[in-house]
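The values are calculated or read from the model by the stated rules, or taken from the named source; none is laboratory data. Here the structure is a predicted model, which means the values were calculated and not measured. Please note: Cβ atoms are built from the backbone with ideal geometry, for glycine as well, and neighbour counts cover all protein chains shown. Protein only, heavy atoms only, side chains kept; ligands, DNA and RNA dropped before computing areas. Shrake-Rupley method; radii C 1.70, N 1.55, O 1.52, S 1.80 Å.
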Amino acid sequence: MSKDLPKSYNHADYESAIYTRWEASGFFDPDNLPAAEAGLPGEPFTIMLPLPNANAPLHVGHALGLTVQDILTRFARMRGRRALWLPGTDHAGFETQVVFEKKLEKEGTSRFKMTREEFYKACWNFVQENKHLSEQGIRRLGASCDWSRNIFSLDPEIVKVVYETFKKMHADGLIYRGNRICNWCPKHQTGLADLETKYEERIEQFYYFKYGPFVIGTSRPETKFGDKYVVMHPDDKRYAKYKEGDKLNLEWINGPTVATIIKDKAVDMEFGTGVMTITPAHDAVDFEIAERRKLDIEEVIDKRGKLLPIAGEFVGQKIMDARSLIVEKLRAKGLVDHIDDKYTHNVQLCYKCGNLIEPQIVPQWYIKMTASFTDNETKQERPSLRDMAVAALDTKEVEIVTEKFEKIFRHWMANIRDWPISRQIWWGIPIPVKYCKQSLESLPRRQAGKVESQACGQPVVDIENKIDTCVGCGGGVIADPDTFDTWFSSGQWPYATLMASDAKKAAVGQPANDFATYFPTQVMETGWDILFFWVARMVMLSYYRTNKPPFAKVFLHGLVRDKDRQKMSKSKGNVIDPLGVIDMYGTDALRFALIFSTAAGNDIPLAEDKIKGMKHFANKLWNIARYIAALGEPLTTAVPEAKTPADQIILEKLNATIIAVTNNLENFRLHEAAQSLYDFTWHEFADIYIEATKTQLLNSESKNFTIQNLYYILNNVLKLLHPFMPFVTEAIWSELYGQEKLLMVEPWPVTK
RNA sequence: GCACGCCUAGCUCAGUUGGUUAGAGCAUCGCAUUUACACUGCGAGGGUCAGGGGUUCGAAUCCCUUGGCGUGCACCA
């Protein structure tokens, strides 16, 4: 019986209905897959959806990641594996707070005009809305993820796992509270990790001031009020007559002062005059010298970037406003030696707002990255977190697809420093620590050089929020006001999600063995821009907590750029909206265009022409099916018969294509798999073989096996293409064979 | 400064461990016209694989070098 199909494939007629059928089938949940039901469970295949941030709509970069992950998941599923693609959303602490604060700003308010509770609730609602939108977008991309396990990083079950890790690390001595200089963003009022700052080259003035008998250089006159140490290199012959510890009386900005000579090798003799004064509270290098030499540390600038009383008449002024006034005053006092107008240097900026980072001394929680430790439970000696991660690469327990990124990863690991995990923001997981109230109040928190635990014992980790009495003095306690760096929780994602899933199941009396079954995961697919932020942390934390790698392979995709290789940005107007593209050309066209000509990790130029071309490909496939369907039913669709030379050639090429596609998918060469499918389908199958069948079909002897071969090849092509173009292939499949059998769970082709 | 990568057709890019005549999409040009599909088919032009040197029977691919472009990390007052 022949079928009449419409002349061209109209994606809008099929996509949403097909997704609904997939979802209703229950096969996104691997526990429902036929093999598992039949008591023949395939090997699990797990992949975690990398956390779309709950603060922004999907962009084309998400579309790429989702496509790659869906291809891998569908491929695994069709090969009989229990494929679990676990979707989730990250609260994305700082990122979301920044976005939400901008929104508040537009509405003429700010978080500082709200209570913390009000802010948190408003932010929660904002995130829920966006989360819903993202999830709809993910569905439109055809993502075959298991919504029954959908999870949010602020779900209590996740928070519990995160807290347990914190407690264990604290018990193991890997976490400490450091009262050190950190990267402080005066706009966002929080400390930031080095990764969360960026550098920008600027040409500014460099000032040379007379400091007693010396000339000192500085780019930041506004920090110089409290300077009382003058530092030079011990081998600098120019200053040999000054000895360590010598005191000098001299005139400075706000009057006479006493300076102490310090000799330290941290000074670069070649730079400036080889003499500097130090400002330990607002400069990392100066702080390091002061800490090492036990020098006094005095704050000059407050957390909002205004001068403190030590600045005398300048108190309360913003540092940038004060700078020129201070220079004028020094000039009036005859203390300006000269000024270099063309001083090129790099300034450190907040990666979000681009404001200058103001180094400040703020107590923060840190994780030791390079210290080996004794596991408090097992009493076993274990290597440092860094060393565990590097060992994972050495043993190939974790492999990063494309060597280039492995090198970058190792380089970063070699230079890693302790990770500050506390943030002074409100949107996030609170740090589960209590302090003695009395000691906190008697010692103003965040006062430079003081640690709040001095009065009454140590801070106490309280993950169940039960402690209300200070163990030292018996008085009240105060909860740590800070939240975790988002990456501390998302860094635990691969195991935390599965542990949390078990906790949820156990709570309703279901068998809970997700962690046992689906961990470690097989693949982590994400953009290279979060290799350090996320991938590195997952590897370290997973080995720490589970003794296992979080995933076997890391597949890093590149940035999607426009056709001229420009970064997509709203201001350039070159942003491709994935949902708009889907409306116009269909999901399959977008997916295939994204995958088609890119290697792992390389940036992807995406032009509308390419997407359009792939829509043509979907239509070509549709018309191949239409041609074949019109020929009527075959005797069998399972056995090909190579009787004519054309048959032989096409069946050989099909076998070669099956092998190539399978092999390329196994090795993450998705673009090569896509290219060979495109080429085979269009130029071998359609252009050559189908043209040849027009003659073969005229002959009644060859008609039957020709129809048989056409179906056989079409079926295989549909299966091979399904991971890449799930909608059009499923649409054709159901037009041919009805809606009962889903292509999604058909077995993967094998060669005949 | 430390590290990494890239340079292949007009444009955007593929090219796995070295192995036929170096490929695709788009663009260009010619031909075909009620065809499963114009969202088409057939065909053509277009490359010193950045330059130079080396290893090899053989190099876009490996090594050295020069030039150009880019990225990550660090960062000096």
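When A:167, A:198, A:228 are screened for being more than 24 Å from residue A:267 (Cα to Cα) and within 16 Å of RNA strand B (Cβ to nearest atom), only A:198 passes. Looking only at region A:325-340, which residues are more than 15 Å from RNA strand B (Cβ to nearest atom) and either open to solvent by 70 Å² or more (accessible area, probe 1.4 Å) or modelled with pLDDT under 90 (or both)? Once the filter is applied, which keeps residues that are more than 15 Å from RNA strand B (Cβ to nearest atom) and either open to solvent by 70 Å² or more (accessible area, probe 1.4 Å) or modelled with pLDDT under 90 (or both), region A:325-340 yields A:325, A:328, A:331, A:332, A:333. For region A:305-324, the set of residues classified as within 22 Å of residue A:204 (Cβ to Cβ) and open to solvent by 50 Å² or more (accessible area, probe 1.4 Å) consists of A:306, A:317, A:318, A:320, A:321, A:324, listed by residue number.
Yes or no, residue by residue, for (1) buried (at least 18 other Cβ atoms within 10 Å of the Cβ); (2) touching a Phe, Trp or Tyr at 6+ places or on another chain (Cβ under 7 Å); (3) free of Cβ contacts under 8 Å to residues at least 60 places away in the same chain:
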position: A:172; (1), (2), (3): no, yes, no
position: A:189; (1), (2), (3): no, no, no
position: A:207; (1), (2), (3): yes, no, no
position: A:218; (1), (2), (3): yes, yes, yes
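Given the condition more than 26 Å from residue A:72 (Cα to Cα) and in contact with a His (Cβ under 8 Å, 6 or more places away or on another chain), answer yes or no: does some residue in region A:115-131 qualify? Yes. Listed here are the helices (runs of 4 or more DSSP H) enclosed by region A:617-709 that have at least 1 residues being within 27 Å of residue A:76 (Cα to Cα), within 12 Å of RNA strand B (Cβ to nearest atom) and open to solvent by 30 Å² or more (accessible area, probe 1.4 Å): A:645-666, A:670-679. When region A:53-65 is filtered for residues that are open to solvent by less than 10 Å² (accessible area, probe 1.4 Å) and either out of contact with any helix residue (DSSP H, G or I) (no Cβ under 6 Å at 6 or more places or on another chain) or within 23 Å of residue A:148 (Cβ to Cβ) (or both), the ones remaining, listed by number, are A:54, A:65.
Being charged (D, E, K, R) and either under 30 Å from residue A:460 (Cβ atoms) or without any contact (Cβ under 8 Å) to a residue 60 or more places away in the chain (or both), is that true of even one residue in region A:197-205? Quick ask: steps written out before the conclusion?
Of the residues in region A:197-205, the ones charged (D, E, K, R) are A:198, A:200-202, A:204.
With either under 30 Å from residue A:460 (Cβ atoms) or without any contact (Cβ under 8 Å) to a residue 60 or more places away in the chain (or both) added as a condition, the list becomes none.
Looking for residues that are charged (D, E, K, R) and either under 30 Å from residue A:460 (Cβ atoms) or without any contact (Cβ under 8 Å) to a residue 60 or more places away in the chain (or both), one finds none in region A:197-205, hence no.
Restricting attention to region A:387-423 and to residues that are assigned to a loop (DSSP other than H, G, I, E, B) and farther than 15 Å from residue A:542 by Cβ, the residue that is most open to solvent (accessible area, probe 1.4 Å) turns out to be A:417. Take the conditions (1) surrounded by fewer than 22 Cβ atoms within 10 Å (Cβ to Cβ); (2) modelled with pLDDT of 95 or more; (3) in a loop (DSSP other than H, G, I, E, B); residue A:4 misses just one of them, which is (2).
Considering each residue of region A:686-703, count those that are in contact (Cβ under 8 Å) with a residue 40 or more places away in the chain and closer than 16 Å to residue A:616 by Cα, and give that number.
Residues that pass the stated criteria total 1.
Within region A:290-321, being touching a strand residue (DSSP E or B) at 6+ places or on another chain (Cβ under 9 Å), part of a helix (DSSP H, G or I) and more than 16 Å from RNA strand B (Cβ to nearest atom) holds for A:311, A:312, A:314.
Report whether or not residue A:740 is part of a helix (DSSP H, G or I), more than 10 Å from RNA strand B (Cβ to nearest atom) and out of contact with any Phe, Trp or Tyr (no Cβ under 6 Å at 6 or more places or on another chain). Talk me through it step by step, then tell me what you get.
On the way: part of a helix (DSSP H, G or I): no; more than 10 Å from RNA strand B (Cβ to nearest atom): yes; out of contact with any Phe, Trp or Tyr (no Cβ under 6 Å at 6 or more places or on another chain): yes.
No.
Could you please let me know if residue A:244 is assigned to a loop (DSSP other than H, G, I, E, B), open to solvent by 20 Å² or more (accessible area, probe 1.4 Å), in contact with a strand residue (DSSP E or B) (Cβ under 9 Å, 6 or more places away or on another chain) and of a type in the set (D, E, K, R)? Break it down stepwise before answering.
Numbers: assigned to a loop (DSSP other than H, G, I, E, B): yes; open to solvent by 20 Å² or more (accessible area, probe 1.4 Å): yes; in contact with a strand residue (DSSP E or B) (Cβ under 9 Å, 6 or more places away or on another chain): yes; of a type in the set (D, E, K, R): yes.
Against the criterion (assigned to a loop (DSSP other than H, G, I, E, B), open to solvent by 20 Å² or more (accessible area, probe 1.4 Å), in contact with a strand residue (DSSP E or B) (Cβ under 9 Å, 6 or more places away or on another chain) and of a type in the set (D, E, K, R)), residue A:244 qualifies.
Candidates A:69, A:128, A:136: the one that is open to solvent by 30 Å² or more (accessible area, probe 1.4 Å), modelled with pLDDT of 90 or more and within 22 Å of residue A:588 (Cα to Cα) is A:136. Contact map, region A:393-412: residues that are farther than 16 Å from residue A:548 by Cα paired with residues that are among the basic types (Lys, Arg) and more than 9 Å from RNA strand B (Cβ to nearest atom), Cβ distance under 7 Å, separation 6+ or inter-chain. Pairs shown: A:401/A:553. The single condition among (1) among the acidic types (Asp, Glu); (2) closer than 30 Å to residue A:346 by Cα; (3) touching a helix residue (DSSP H, G or I) at 6+ places or on another chain (Cβ under 9 Å) that residue A:418 does not meet is (3).
Condition first: among the β-branched types (Val, Ile, Thr) and assigned to a loop (DSSP other than H, G, I, E, B). Now tell me which residues in region A:365-386 satisfy that. Walk me through how you get there before you give the answer.
From region A:365-386, those among the β-branched types (Val, Ile, Thr) are A:367, A:370, A:374, A:378; that's our starting set.
Scanning region A:365-386 gives A:370, A:378.
Scanning region A:360-386 for residues being open to solvent by 20 Å² or more (accessible area, probe 1.4 Å) and in contact with a helix residue (DSSP H, G or I) (Cβ under 6 Å, 6 or more places away or on another chain) gives a total of 3.
For region A:256-286, give me each residue that is away from RNA strand B (no atom under 13 Å from the Cβ) and free of Cβ contacts under 8 Å to residues at least 40 places away in the same chain.
Looking only at region A:256-286, we keep the residues that are away from RNA strand B (no atom under 13 Å from the Cβ), and these are A:256-261.
Answer for region A:256-286, where residues must be away from RNA strand B (no atom under 13 Å from the Cβ) and free of Cβ contacts under 8 Å to residues at least 40 places away in the same chain: A:256, A:257, A:258, A:260, A:261.
Those residues that are buried (at least 17 other Cβ atoms within 10 Å of the Cβ) and polar (S, T, N, Q), I need them from region A:456-486; list them, please. Scanning region A:456-486 gives A:483, A:486. Within region A:521-536, how many residues are within 12 Å of RNA strand B (Cβ to nearest atom) and part of a helix (DSSP H, G or I)? The total comes to 7. Regarding region A:571-591, can at least one residue be identified that is within 13 Å of RNA strand B (Cβ to nearest atom), modelled with pLDDT under 90 and touching a helix residue (DSSP H, G or I) at 6+ places or on another chain (Cβ under 7 Å)? There is no residue in region A:571-591 that is within 13 Å of RNA strand B (Cβ to nearest atom), modelled with pLDDT under 90 and touching a helix residue (DSSP H, G or I) at 6+ places or on another chain (Cβ under 7 Å). With respect to the stated conditions, residue A:364 is closer than 30 Å to residue A:223 by Cα, modelled with pLDDT of 90 or more and more than 15 Å from RNA strand B (Cβ to nearest atom).
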